[in-house]
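The structure appears right after this line, and notes come after that.
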Amino acid sequence: MVVRLERRPGHARHNPNHLAELEDSVSKLLVGRYQATIFPEDNGYTGTISLGFNGQGNRRRIKRRARTKAAVKDKLIKVAEELEAGLKPAEGCTVTDAVNDWLAKGLKGRDDNTVTTNRILAEQHVIPVIGAKKLKELTADDVDEWLDGLSATLATRSLQGVHAILKRAIRQAQARNKVLRNVAELVTTPKGKPGRPSRAMTLGQATAMLEQAKVSRLYAYVVVSLLTGIRTEEARALSWSHVVAWVEDESVWMPVTESGFDHTRFAIYVWRSVRADGDTKTEKSRRTLELPTEAAEALREHRARQARERLSAGTAWKDHGLVFASQAGTPLDASHVRRAFKAITREAGLGENWTPRELRHSFVSIMSDNDVPLETIADLCGHASTAVTEEVYRHQLKPVITRGAQTMNAIFNQQKHAKTA
């Protein structure tokens, strides 16, 4: 970076002490290709870089202040380097500014739960700890120390979440030319404290839970989730038009909204979820599942209950066509489902440390215990392959690999006994 002190033409010839006086008062500099000025102000010095005029004819300047002229000059050099690198000088831009900017602009179109989760993580674990750090001064070491400090209190998944927030916030700042490098991208997320592993109910526990659930509004939700293995996000998005009955006379599946429940076979179209775009988790997740008798009967009773609630609500009813809705017809919130489910498991003597998503784990476990092939379980769960099922539900699947060894041992032991007889 070239820094050159300028003289005013002809002025120093008449005043040999002009340069010394200028150094003590106002200095005109050429910093790189930018005209700069340094002058005394408020017991220190202020430096400006001229960027010409804007569209309204107003002069555009960037200012920097410091206690000494040398410090101001260093700041102006840094500004000029940033300008030449295509960056927008943002001396006061902090990590907090970048994160808040990302929360405001970077989550457009995402569902409310995603926005809320990211905001909570940012406000609890990013902004209070490293938010005051100037964005341009943030180093990879700073990010490492921040994440290491959180690793004792946050689970690995939460650590990944807060790290992702910082990376995305800086990435957005890069896109707006506020910082040159994304130092958060240079750091590997450490492992956090072990999270609570998902569990599966035994057949006995599931039976006790279903019995207790009969007195709850959530009964049909629990039965359908447990007996079909659908995801909680799929259950909350299930509409009555996607509950279908097999009409024997016409040999066709028809929505129960048209055919009613006076049939023997029923199925559900698992085609939607409560995700932002309304789609299921993957394309493979779109599937049609025939309902076990108990699930179909629960939905028949649930439909009648919902009709009574609709009548009672009157004009307050907000019809969304949902199978599982509030008493006013509005979509169920995930937190409401969790609370109601905890009450069921508590009353069933299973404790409160259960979540609705563990109904799906229980489905996989019960199916595996009853020798249902892994390929069939993967199809029922809407997985793209059996590898996904094995990875996600490895604790719930029957250990078929050891069964092979046990079978071979039994066969060869029988052969040995036959030879010695």
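Within segment 128-165, can you find the residues that are part of a helix (DSSP H, G or I), of a type outside the set (D, E, K, R), without any contact (Cβ under 8 Å) to a residue 40 or more places away in the chain and farther than 15 Å from residue 183 by Cβ?
Passing the criteria: 128, 129, 149, 156, 158, 159, 160.
Which pairs do you get when a residue that is open to solvent by less than 40 Å² (accessible area, probe 1.4 Å), found in segment 310-321, comes within reach of a residue that is part of a helix (DSSP H, G or I) and not acidic (Asp, Glu), reach meaning Cβ atoms under 7 angstrom, with the pair 6+ apart or on two chains?
Close Cβ pairs satisfying both conditions: 317/310; 321/240; 321/241.
Which one is farthest from residue 219 (Cα to Cα), of the residues in segment 343-367 that are free of Cβ contacts under 8 Å to residues at least 24 places away in the same chain and open to solvent by 70 Å² or more (accessible area, probe 1.4 Å)?
Among those residues, the one meeting the criterion is 352.
When the residues of segment 191-210 are narrowed to those that are part of a loop (DSSP other than H, G, I, E, B) and basic (Lys, Arg), which ends up nearest to residue 369 (Cα to Cα)?
199
Would you point out which residue out of 271, 253 is open to solvent by 60 Å² or more (accessible area, probe 1.4 Å) and at pLDDT 90 or above?
Result of the check over 271, 253: 253.
Taking the conditions exactly as written (closer than 22 Å to residue 273 by Cβ and open to solvent by 30 Å² or more (accessible area, probe 1.4 Å)), does residue 333 satisfy them or not?
Considered against the rule, which asks whether it is closer than 22 Å to residue 273 by Cβ and open to solvent by 30 Å² or more (accessible area, probe 1.4 Å), residue 333 comes out as yes.
Which numbered condition trips up residue 327, out of (1) part of a loop (DSSP other than H, G, I, E, B); (2) within 24 Å of the chain's Cα centre (by Cα); (3) at pLDDT 90 or above?
So residue 327 meets the others, but not (2).
Given the conditions (1) in contact with a helix residue (DSSP H, G or I) (Cβ under 8 Å, 6 or more places away or on another chain); (2) in contact (Cβ under 8 Å) with a residue 60 or more places away in the chain, report the number of the one that residue 244 does not fulfil.
All conditions pass for residue 244, except number (2).
The values are calculated or read from the model by the stated rules, or taken from the named source; none is laboratory data. Bear in mind that the values here come from a model prediction, so they are computed numbers and not experimental data. Neighbour counts run over all protein chains shown; Cβ positions are idealised from the backbone, glycine included. Note: accessible area is taken over every heavy atom of the protein model, side chains too, but ligands, DNA and RNA are not part of it. Shrake-Rupley method; radii C 1.70, N 1.55, O 1.52, S 1.80 Å.
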